[in-house]
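The values are calculated or read from the model by the stated rules, or taken from the named source; none is laboratory data. Please read all numbers here as calculations on a predicted model, not as lab measurements. Heads up, the Cβs are rebuilt from the backbone with ideal geometry, glycines too, and the neighbour counts pull from every protein chain shown.
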Amino acid sequence: MKSCLIVIDAQESFRHRPYFTPRDLGAYVAAQNALIEGCAAAGIPIVRIFHVDGPAEPGNPFALESGHVRALTELTPFESAATYTKHRHSALVGTGLDVWLTQQGIGRLIISGIRTEQCCETTTRHASDLGWTVDFVTEATLTFDMTQPDGRPLPAADIRTRTATVLEGRFAKVCTVAQALERAGATQAA
């Protein structure tokens, strides 16, 4: 089964949001870069996804006019097999990614990027429902602390744990970077 790495919303836009904290950025970048480098070395196609959202003005970090809709500075540069801009949470809505994946004969998606519980999880669920096998690489996703509806804090680590729990065995195989690369390497030759 042919694999493809999807790098979702790993973009400078987040650095300009009030909830951004660099606390987990280093660990995320190290894992994301290891995944990118491992896939590139194995000849596994890598798809880049950018999130663009209104209003279309320079003060909005998710608008093209801001100049922030570009790869995180710390990411290892890579040759993207395809690049898509999305306007919804799932990278499969209105982008053409699903058509490209089908045309390329891709059967397994390796999901990584920003935010764990939002665009990464939504894309994972959507891809699974459409029939793709999905490896969700939690350590190669990044999220930020949130506040629960009752006002209590919800740490990013708890969000990652919750996401892994609800995806594992139902929508995806939750993997480490090493496991995802091993699974992709074993299937890439098939």
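Overview of values
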| quantity | calculated |
| --- | --- |
| Unique match (being surrounded by fewer than 17 Cβ atoms within 10 Å (Cβ to Cβ), out of contact with any helix residue (DSSP H, G or I) (no Cβ under 7 Å at 6 or more places or on another chain) and not basic (Lys, Arg)) among Thr95, Thr176 | Thr176 |
| Search result, residues across segment 32-51 that are within 24 Å of Phe62 (Cα to Cα), touching a strand residue (DSSP E or B) at 6+ places or on another chain (Cβ under 7 Å) and in a helix (DSSP H, G or I) | Gln32, Ile36 |
| Hits in segment 98-157 - residues which are under 12 Å from the mean Cα position of the chain (by Cα) and acidic (Asp, Glu) | Glu117, Glu121, Asp135, Glu139 |
| Candidates Thr116, Thr102, Thr133, Thr123 - the one that is in contact with a His (Cβ under 9 Å, 6 or more places away or on another chain) and among the β-branched types (Val, Ile, Thr) | Thr123 |
| Residue satisfying all of: in segment 2-22; in a helix (DSSP H, G or I) and at pLDDT 95 or above; farthest from Ala178 (Cα to Cα) among these | His16 |
| Matching residues in segment 111-161 - criterion: being of a type in the set (Gly, Ala, Ser), under 19 Å from Ser90 (Cα atoms) and surrounded by fewer than 17 Cβ atoms within 10 Å (Cβ to Cβ) | Gly131 |
| Gly151 over 17 Å from Gln32 (Cα atoms) and not polar (S, T, N, Q) | yes |
| Search result, residues across segment 52-70 that are closer than 16 Å to Phe20 by Cα and either part of a strand (DSSP E or B) or touching a strand residue (DSSP E or B) at 6+ places or on another chain (Cβ under 8 Å) (or both) | Phe62, His68, Val69 |
| Yes/no for Gly59 being touching a Ser or Thr at 6+ places or on another chain (Cβ under 9 Å), small (Gly, Ala, Ser) and at pLDDT 95 or above | yes |
